[in-house]
1. Suppose we keep only residues that are under 17 Å from the mean Cα position of the chain (by Cα) and acidic (Asp, Glu) within segment 298-342. Which one would you say is surrounded by the most Cβ atoms within 10 Å (Cβ to Cβ)?
2. Can you name the number of the only condition in (1) farther than 12 Å from Val26 by Cβ; (2) of a type outside the set (S, T, N, Q); (3) touching a helix residue (DSSP H, G or I) at 6+ places or on another chain (Cβ under 8 Å); (4) assigned to a helix (DSSP H, G or I) that Asp360 fails?
3. Give just the number: which of (1) closer than 16 Å to Ile226 by Cα; (2) among the small types (Gly, Ala, Ser); (3) over 43 Å from the mean Cα position of the chain (by Cα) does Ser176 not satisfy?
4. Scan segment 193-201 and give yes if some residue there is modelled with pLDDT of 90 or more, of a type in the set (Asp, Glu) and farther than 30 Å from Cys248 by Cβ, otherwise no.
5. Does Thr614 satisfy the condition of being at pLDDT below 85 and either out of contact with any strand residue (DSSP E or B) (no Cβ under 7 Å at 6 or more places or on another chain) or more than 20 Å from Leu498 (Cβ to Cβ) (or both)?
6. Report, ordered by the first and then the second residue, all pairs with beta carbons closer than 9 Å, sequence separation of six or more or different chains, a first member in segment 162-186 that is over 17 Å from Ala204 (Cβ atoms), and a second member that is of a type in the set (A, V, I, L, M) and surrounded by 15 or more Cβ atoms within 10 Å (Cβ to Cβ).
7. Which numbered condition in (1) out of contact with any His (no Cβ under 9 Å at 6 or more places or on another chain); (2) modelled with pLDDT of 90 or more; (3) over 16 Å from Lys7 (Cα atoms); (4) in a loop (DSSP other than H, G, I, E, B) is the only one that Asn69 fails?
Amino acid sequence: MNKIIIKGAKENNLKNVNLMILRNKVVCFVGVSGSGKSTIAFDIIAREGQRQYFESLPAFARRYLQKSNRPAVDEISGISSTIVIGQDRIVGNPRSTVGTLTEAYTYLRLLYSRVGLPSLDSSYYSFNHPNGACHKCKGLGRVIELDPQKLIDFTKSLNDGALLHSEWRVGGRMWSIIRATHYFDMDKKIKDFAKKDVEKLLYAPKQLWQDESKYGANKWTYSGIITRLSNKDRHDRDELGYLKMKNCSDCLGGRLNQKALSVKIKSKNIGEIGNMFLPTCLEFVKSIDLPQAMVIKPRLEAQLKNLIDAGVGYLSLNRSTETLSGGEARRVKLARQMGCDLIETIYVFDEPTAGLHPKDIDKVIKNLFKLRDRGNTVLVVEHDPSVIKKADYLIEVGPGGGKNGGMIIAEGPLKEILNNSDSILAPYLRNGLNDSSTKEKRRPRVSLAIINARRNNLKGLDVNIPTGLLVALTGVSGSGKSSLVEEIVDQQGGKIVLIDQNPVGTNKRACVGTYTGIFDAIRRIFAKEHQIAASLFSFNASGACEECHGQGYLDLEMNFLGNVKIHCESCNGSRYKAKILGLKYKGKNITDVLKMTAAETSELFEDTEVRTKTQLLIDVGLDYLEIGQSLDTLSGGESQRLKLASKLQKKGEVYILDEPTSGLHFADIEKLLMLLNRLVDNGNTVLVIEHNLDVIKNADWIIDLGPEGGEKGGYLIAEGPPAKIAATKNSDTGRYLKDLIKS
């Protein structure tokens, strides 16, 4: 069968969709946020492909695999085993690295065991094995230590609260002990202390003191702040802000013990190679011309090249996977798959170009077509025009999001989509975004000065960030953008409103309404209407159905099969006790309201505080979200806009957004640009880390970093308005921007 056939798809918001998808093609799903494209690609095709494959395995093996249920479709055929490369970050294991995930480090270990001198067994080169792990950092390559700069405000005196940790608050016991030692001038600013006094304040060993004053014998123990905190078995959550990670002084980040690090190839140990940026690592491997290396070299070189071609050449093999962004994790997974020789497999990608500079996108597109040319089907949920225009086939879902989506509005090759009058995408592919650059020229008020920034790969950067403008921070992947933002946040502290793409929550009981405070306001209105407690209208409190505890369904364990969710018969899926459902506001009970979109809720609760709160969701383009929608169902882009909505009413702030266009359709980007400009017009400064050229073009000011990623990045290439960047010859951003401005 050369087609994937879906009939009667009703999963999530899909409206009884029928679809026929050609196999062995690159097929791109497009549509506005919440339209249902991810539901088709991931919740139906990917889930069913995995489910059918798992069901073909013996029952004993299935007990160790993730369980899932058949999606809500009448019929599905033409499915084969699927591999999903989604938006999720790789978290939870600091021992997992780029090298171990792709198996490149396994080949490197074999290379050292064959070629390195003196010769050792392969286990000695594993930082996850007792033979190889560094004795100090236990194979992690980094150690946690307390940061004096975060513990002390050096501009203050001890009497003025220079000690920032709560244990040493002014008037507290630990502060009083410091005063009782008479070691320090309590009114002198810490920055004016002699070096030996700062050392004594921070690192003094434990000492027993006794006071024989008129108040009677009193004994206590004094030790330096870091000495005391370092002796704790574990740190409280409140102390995490005072900690920093640094390379282990024994292995210098190589993760291995000295015996393993003493083995060299061409004067380099395996720790040094593991810490190299990938292009440098590849050159080193290529330079080894010993006969015993020839069997291993080709696989290692191929995997390193796959990583570089995936756009993550600025990483190292020893880079912990838990430090990777969602976009970096996707590209590392893509590189791993490029090292496989599977055929007749369905690959499902969620925005593989997210977080990539236009310069790097072509590499990803080539890899997608390589997978297709091997005889695989490649399904891509994507918004980038470069991918969309080169795909073999397009499926446009819409027309809106949420309840207003879930239909196929156009499908076919690019030419047919461009000529389809129903397509929402077609006008944007032909003409791009509406140009908002005619807005009145804004002038910066003052600048935030960042001096000599050296975090990660930054090369002593001096940058002035103009306030009162829309500022775009640009550059290829790994050029230092995120490092500069970390520096800004550290230096400017409370002035910054940071809005990243981390999930807003994973609790299935938390919903859009609870996160934004909309549901609290709704419950207060219901309570006032019926003169009863607001807690009765919470599905997490006394109003919840006693049978399903406010979930609306019951989980039934089916052992080797997937768990089955059974509709709760007691509350009929409403989550509430029957008596609560009889209480209404304008003809709607509390469950009816939870099923309403933000736009519908705004109309129902006009002239109330609910209207004000829902308007914020509408302003960020989330009008289609249901008030009761679980937070764990939101995409990264939706999570980010939800955070933005919760902070929109602030003024005089510096907003920093991390790739706010990720996951957004052209129509959504237009709304976002209007919103960002409104924030600036209201007296705020907006700094966006961004690769989208339409957003960059519409910025007032651009700060471009580069020229490359990793060790070749971290320099300020250019700064100024878009026209200046477009005219900068050595700016990759400028080169692509110039083409856009010309068109």
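1. Within segment 298-342, the match that is surrounded by the most Cβ atoms within 10 Å (Cβ to Cβ) is Glu328.
2. The number of the failed condition is (3).
3. Against the list (1) closer than 16 Å to Ile226 by Cα; (2) among the small types (Gly, Ala, Ser); (3) over 43 Å from the mean Cα position of the chain (by Cα), Ser176 comes up short only on (1).
4. Here is the first cut: in segment 193-201, the ones modelled with pLDDT of 90 or more are 193-201.
Narrowing further to those that are of a type in the set (Asp, Glu): 197, 199.
If we keep only those that are farther than 30 Å from Cys248 by Cβ as well, we get none.
Checked against the condition, which is being modelled with pLDDT of 90 or more, of a type in the set (Asp, Glu) and farther than 30 Å from Cys248 by Cβ, segment 193-201 yields no hits at all.
5. Numbers: at pLDDT below 85: no; either out of contact with any strand residue (DSSP E or B) (no Cβ under 7 Å at 6 or more places or on another chain) or more than 20 Å from Leu498 (Cβ to Cβ) (or both): yes.
The answer is no for Thr614.
6. As it stands, the answer is Leu164/Leu151; Leu164/Ile152; Arg169/Leu163; Val170/Leu158; Val170/Leu163, since those pairs meet every condition given.
7. (2)
For (1) buried (at least 23 other Cβ atoms within 10 Å of the Cβ); (2) among the β-branched types (Val, Ile, Thr); (3) part of a helix (DSSP H, G or I); (4) touching a helix residue (DSSP H, G or I) at 6+ places or on another chain (Cβ under 7 Å), each residue gets a yes or a no:
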| position | (1), (2), (3), (4) |
| --- | --- |
| Arg372 | no, no, yes, no |
| Gly375 | no, no, no, no |
| Val378 | yes, yes, no, yes |
| His383 | yes, no, no, no |
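The values are calculated or read from the model by the stated rules, or taken from the named source; none is laboratory data. Bear in mind that the values here come from a model prediction, so they are computed numbers and not experimental data. Glycine also receives a Cβ, built like all others from the backbone with ideal geometry; neighbour counts cover every protein chain displayed.
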